[in-house]
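Reviewing the structure listed below.
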Amino acid sequence: MKKKTILSFALALALMVSAIGTATSAFAATSAPIEPVTKIATENEDAIWEQIEAVEEKSDAIFQRNAALWEKLDEICNALPDDYDFTNFDEAAFIRSTNALTEAEKETLLADIEELNGLDTEMEALYAQLPDCDNMPLYEKALEKADPKVLDEIDTLEQEYDRLCEKNADLWDKVDEAYFNLPDDYDFDNYDEATFIRSLSFLSDAEKDELIADYNRLVELDNQLCKLYDTIWGGTGCESGICPL
């Protein structure tokens, strides 16, 4: 299932905004000329992401083959009281203890969980092979060599990006909620943000026009920022969702 909302843009840049925001002022006075881009991606990073995607598809297939049963389990969990102790919640133990499932249903879910746990282990191993997103010295070194004009431009675009995200935050929350309530058989491959917004009855025409205008501008800003980030770090992969920092 492929779901993408405007929040994906905000999340994708959240770490980048905070890191560059502080670094911009620190290096704004630097007069060093632009030097060759510092590559931060490993040679086999694309192959690793392909493997991660393949594991994610396997996980999704496991959920899909018993979707009705997983939905039933969700309903059981959602019916638990607010004061239920989720601190040490063990899904397998909970499944075994509930009387709302038949023994056959329990065995099916437990088998799925065992497979999913194995895939989680694979996923963790793959992520461990990726560049460390917390290894800041490499990124700071590249910042030191960055053109101050580029840093100023990034700062200006990020401020506009933040303003647009915050301007109609309440409305975007409602759009996001409606999005994640779409049925599993929704045609996400052909999802169009503007068309989806137009279909929402709880928004006025004026609100729809404003959100669509904001969305289009955010897409423009996202593309501009990605190009600027790549001039500093190179190979950030921000277009494909790879953590740039």
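Using a 1.4 angstrom probe on heavy atoms only, work out the carbon and sulfur share of the accessible area of the range 117-217 in %. Present the calculation step by step, with values, prior to reporting the outcome.
Details: 2780 of 6070 Å².
Exposed carbon and sulfur together represent 46 percent of the surface.
Hey, if you drop one equal point scatterer on each alpha-carbon of the range 72-195 and run the Debye formula without solvent, what base-10 log of I(q)/I(0) do you get at q = 0.09, 0.17, 0.19 Å⁻¹?
The calculated log intensity ratios at q = 0.09, 0.17, 0.19 Å⁻¹ are -0.60, -1.14, -1.15.
Whenever you get a sec, line up F188, F202 from highest to lowest accessible area (probe 1.4 Å, protein heavy atoms). Mind dumping the intermediate values first?
On the way: F188 20, F202 100 Å².
Largest accessible area first, the residues go F202, F188.
Quick one: which of K167/K227; K72/K106; K145/K227 span more than 20 angstrom between C-alpha atoms?
Details: K167/K227 25 Å; K72/K106 11 Å; K145/K227 17 Å.
Where the Cα-Cα span goes over 20 Å, the pairs concerned are K167/K227.
Given a 1.4 angstrom probe, what's the average accessible area per residue across the range 173-233, in square angstrom?
Details: 3370 Å² over 61 residues.
I get 55 Å² per residue for the range 173-233.
By accessible area of protein heavy atoms, probe 1.4 Å, what ranking do V219, V55 get, highest first? Intermediate results must be reported in sequence, preceding the final value.
Numbers: V219 40, V55 10 Å².
Sorted descending by solvent-accessible area, the residues read V219, V55.
The values are calculated or read from the model by the stated rules, or taken from the named source; none is laboratory data. For clarity, every value in this text was computed on a predicted model and none was experimentally measured. SASA here: full protein model, heavy atoms, side chains in, ligands and nucleic acids out. Shrake-Rupley method; radii C 1.70, N 1.55, O 1.52, S 1.80 Å.
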